[in-house]
1. Scan the stretch 24-45 residue by residue and report those that are in a strand (DSSP E or B) and touching a helix residue (DSSP H, G or I) at 6+ places or on another chain (Cβ under 9 Å).
2. Quick check on residue 7: is it under 19 Å from the mean Cα position of the chain (by Cα), exposed (fewer than 10 other Cβ atoms within 10 Å of the Cβ) and without any contact (Cβ under 8 Å) to a residue 12 or more places away in the chain?
3. Given (1) modelled with pLDDT of 90 or more; (2) in a loop (DSSP other than H, G, I, E, B), where does residue 4 come up short, assuming only one miss?
4. Output the residue which, of all residues in the stretch 10-23 that are of a type in the set (A, V, I, L, M, F, W, C) and either touching a Phe, Trp or Tyr at 6+ places or on another chain (Cβ under 9 Å) or not in a loop (DSSP other than H, G, I, E, B) (or both), is surrounded by the fewest Cβ atoms within 10 Å (Cβ to Cβ).
5. Name the single residue, out of those in the stretch 46-73 being open to solvent by 100 Å² or more (accessible area, probe 1.4 Å) and not charged (D, E, K, R), that is farthest from the chain's Cα centre (by Cα).
6. Kindly provide the set of residues from the stretch 46-61 that are in contact with a strand residue (DSSP E or B) (Cβ under 8 Å, 6 or more places away or on another chain) and part of a loop (DSSP other than H, G, I, E, B), ordered by number.
7. Looking for something surrounded by 13 or more Cβ atoms within 10 Å (Cβ to Cβ) and β-branched (Val, Ile, Thr) - is there at least one such residue anywhere in the stretch 27-38?
8. Can you give me the number of residues within the stretch 67-104 that are among the polar types (S, T, N, Q) and either in a helix (DSSP H, G or I) or in contact with a helix residue (DSSP H, G or I) (Cβ under 6 Å, 6 or more places away or on another chain) (or both)?
Amino acid sequence: MRALPRGTVPGPGELAERLRLSRSTVSNLLTTMEGNGLVERRPRPGNHRHVDVLATPKALDLFDRFDLASGDLVARAAATLPAADRAALAAAVPALERLRDALANARDTP
């Protein structure tokens with residue numbers, strides 16, 4: 001689901017490239033996800049030989065609930081740490097954000 005953030009509409013081939021998986025693997029995953037109401041495949045406007053994939057409202061709701069729950073879990077665990085550890089984690093946030101961006105850029109470049 002992370003490969004289908006809200007508002008994006010890639011095709012299956014684009015997803016396969018982004019995830020570095022074979023097209024057949026992505027196709028099988030999409031079939032299963034579509035069967036569970038998590039994605040929808042629609043003909044691409046202006047080119048009906050291709051399809052676009054989008055996350056359904058059900059999937060986005062599950063995704064939001066997961067992010068909220070995991071964020072709460074981390075916050076509760078961090079609150080049990082000594083003040084020095086919490087300060088160290090807060091100081092590390094900018095470096096972690098740069099790492100996240102570097103990983104995203106590496107994923108987008110072949």
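The values are calculated or read from the model by the stated rules, or taken from the named source; none is laboratory data. Being a predicted model, the structure only gives us computed values, none of them experimental. When we count neighbours, we look across all protein chains shown, and the Cβ atoms used for this are built from the backbone with ideal geometry, even at glycine. The protein model used for the area step is the full one, side chains on, heavy atoms only, and it has no ligands, DNA or RNA in it. Shrake-Rupley method; radii C 1.70, N 1.55, O 1.52, S 1.80 Å.
1. 39, 40, 41, listed by residue number.
2. Working: under 19 Å from the mean Cα position of the chain (by Cα): yes; exposed (fewer than 10 other Cβ atoms within 10 Å of the Cβ): yes; without any contact (Cβ under 8 Å) to a residue 12 or more places away in the chain: yes.
In short, yes.
3. If we test residue 4 against (1) modelled with pLDDT of 90 or more; (2) in a loop (DSSP other than H, G, I, E, B), just (1) comes out false.
4. Applying the first criterion (of a type in the set (A, V, I, L, M, F, W, C)) to the stretch 10-23 yields 15-16, 19, 21.
If we keep only those that are either touching a Phe, Trp or Tyr at 6+ places or on another chain (Cβ under 9 Å) or not in a loop (DSSP other than H, G, I, E, B) (or both) too, we end up with 15-16, 19.
Details: 15: 20, 16: 20, 19: 14.
Top of the filtered list is 19.
5. Per the stated criteria, the residue is 48.
6. 56, the sole residue that qualifies.
7. Within the stretch 27-38, the first condition is being surrounded by 13 or more Cβ atoms within 10 Å (Cβ to Cβ), and the residues that meet it are 27, 29-30, 33-34, 38.
Keeping just the survivors that are β-branched (Val, Ile, Thr) gives none.
Among the residues of the stretch 27-38, not one is surrounded by 13 or more Cβ atoms within 10 Å (Cβ to Cβ) and β-branched (Val, Ile, Thr), which makes the answer no.
8. Residues meeting the conditions: 1.
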